[in-house]
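Visitor: Please see the structure below; I have some questions.
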Amino acid sequence: MAAEPVADRPGFTEKLAFFAGVAGGALMGGVSGFLLLYLTDVVGIGAAAVGTLMLVARIVDGASDPIMGYLVDHLPVTRWGRFRLYVLVGGLLCAVCLIALFAAPAWFPNALLAAWVTYLLWGLLLDLFQIPVTSLLPVVAGDARTRGQLAGIVGFTGLLAAALSTGLTLPLVKLLGGGTGGWLTYVTIVAGVGCVLVTIMALRVRERVVPLSAERYRLSDVRRVFFSHRAVPILLTSKVAVQAASGSLTAAMPYFFLYYIGDQNYLTVAALVMALPMVIGALAVPVFARRAGAKPGYLLSLGLSILGLALLMVVPPAPVPVMLCFVVTGFGFGGAVALGLVLLAELADYTEWRYGFRTEASLAAMTSFATKAGAGVGGGLLAYTLALTGYRSGGVTQSPEAVQGILYAQSLIPAVIGLVGALAFAFYPITHSVAHQAAAELATRKAAQREAVA
């Protein structure tokens, strides 16, 4: 029989700890987003070879996510709860691997082989961190209002940390001496900060929502959840597309400002310009979604991000109009990221309502797969576009064709991918009324269960 859930809600200190852990993970993930630039312009590996690495490694690695999600849901429940201990262990291992991700290609004779090994390992260890972190949101609070607040915190924290990482990484690496030494010093500092922030989350966050039944689900149950209802495949398809668009956007930004705008100093400005709209979108859109539903809010957010990306193709290559495009894009992505977590929590409730068991980690594994597969597709498309349009590694002057390819990778390609994700999500079946019905009936069942125990 399930234990009685804790009735209180997370306070300010706990929300701050949640903020810290998400920020730590996002900072480490943001630095890993510079791996393409590091491998091509510092280590000197060809763009096509790096593109193949990112595309293949992320998709192959993502195939292990369902297994990892199942394992996390079946790991022993400790005195810390179902997920917090594994957040701590996974975060510490990710910090160590982040350093190896940049150090190994520079230190080993075969740089490409070292990059393959460490990049595959990075993806596996990232599962041990991201899946438990994503699983925490549905169990820290059970009511829609608090979940929306937590989703907003996760959304704006992750996006803000990523934006700051995007904007500050290159100036700080330069300040630390540049080259391999500057990169390794910077990555080591970020990994250390990430460890501290993740530890704060693991120690201070509490798990409140417990399953109706203590019995664990089986692999056959996972297949039933994923394939007997179209909600999971549709949400997965949409998330992969959105992550691919975001991955292409982020990976292309250093190239875009260095070669298309002509001044990489504007990269820092763009990252900071995007940060505020991202925060506003991550906080405001979930409030709108509480009344209108997560589905229309998610579609609206995707529409705005697609619009901002597409406009880059038509505005002049001047800082002001380009920054306005990034403002629109940032607001859209901020709302989409926050509502993606709300949708995941609703799906966890819907699964328990329909099938009788909770699958937070397996559903979180879907998000992990989407993130990695999307990043692989986005980074791979960027690298292949650079290679096909004649980009030359080593930080040299680029041809007009290569510069045009960079514009496509920054604008047209992520906009089209995002549109695919929006069209897929339009068929998502869990509407506002369905989610409300599932949550209300689950609350009734749990109340009856507590009365029976009493």
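The values are calculated or read from the model by the stated rules, or taken from the named source; none is laboratory data. Keep in mind it's a predicted model, so treat the numbers as computed, not measured. As a convention, Cβ positions derive from the backbone with ideal geometry for all residues, glycine included, and neighbour counts pool all protein chains shown. Surface areas here come from the heavy atoms of the whole protein model, side chains and all, with no ligands, DNA or RNA. Shrake-Rupley method; radii C 1.70, N 1.55, O 1.52, S 1.80 Å.
Visitor: Rolling a 1.4 angstrom probe over the protein chains, ignoring ligands and nucleic acids, what is the accessible area of residue 432 in square angstrom, nearest 10?
Guide: Its accessible surface works out to 80 Å², give or take rounding.
Visitor: Now a separate question. In square angstrom, rounded to the nearest 10, how much accessible surface does residue 189 have for a 1.4 Å probe?
Guide: 90 Å²
Visitor: When ranked by the protection proxy of mean other Cβ atoms within 10 Å per residue, highest first, what sequence do the peptides 109-118, 327-336 form?
Guide: Numbers: 109-118: 16.5, 327-336: 27.0.
My ranking of the peptides, most packed first, is 327-336, 109-118.
Visitor: Pop out the carbon and sulfur fraction of the accessible area of segment 267-353 as a percent, whole number, probe 1.4 Å.
Guide: 82 percent
Visitor: Roughly speaking, to the nearest percent, how much of segment 89-141's 1.4 Å accessible area is carbon and sulfur?
Guide: 84 percent
Visitor: Just how much of residue 288 is accessible, in Å², when a 1.4 Å probe is used and the result is rounded to the nearest 10?
Guide: Probe radius 1.4 Å; accessible area of residue 288 about 90 Å².
Visitor: Could you do me a favour and compute the accessible area per residue for segment 264-306, 1.4 Å probe, result in Å²? The partial results should precede the final answer.
Guide: On the way: 1790 Å² over 43 residues.
Per residue, segment 264-306 has 42 Å² of solvent-accessible surface.
Visitor: While we're on this one: Compute the length gained on full extension between residue 448 and residue 16: take 0.36 nm times their separation in residues and subtract their Cα-Cα distance, giving the result in nm to one decimal. Could you put the intermediate results ahead of the total?
Guide: Numbers: separation 432, 0.36 × 432 = 155.52 nm, distance 3.36 nm.
Stretched out fully, the residue 448 to residue 16 stretch lengthens by 152.2 nm.
Visitor: Which of the peptides 312-318, 35-41 is most tightly packed, and how do the rest follow, judged by the mean count of other Cβ atoms within 10 Å per residue?
Guide: Working: 312-318: 12.7, 35-41: 22.9.
In descending order of packing, they fall as 35-41, 312-318.
Visitor: What is the calculated FRET efficiency for residue 77 to residue 412, with r their C-beta to C-beta distance and R₀ = 41 Å, to the nearest 0.05? Don't skip to the answer; put the middle values down first.
Guide: Values: r = 48 Å, r/R0 = 1.17.
Efficiency, from the Cβ-Cβ distance: 0.30.
Visitor: Still on this structure: Using the beta-carbon distance between residue 67 and residue 354 and R0 = 22 Å, what value does 1/(1 + (r/R0)^6) give for FRET efficiency, to the nearest 0.05? Numbers along the way, then the final one.
Guide: Working: r = 23 Å, r/R0 = 1.05.
The formula returns an efficiency of 0.40 here.
Visitor: Whenever you get a sec, line up 180, 169 from highest to lowest accessible area (probe 1.4 Å, protein heavy atoms). Present the calculation step by step, with values, prior to reporting the outcome.
Guide: Working: 180 50, 169 0 Å².
From most accessible down to least: 180, 169.
Visitor: Another question, then. Which distance in nm do the two modelled labels at residue 426 and residue 314 give, with both placed 7 Å along the Cα-to-Cβ direction?
Guide: 2.0 nm
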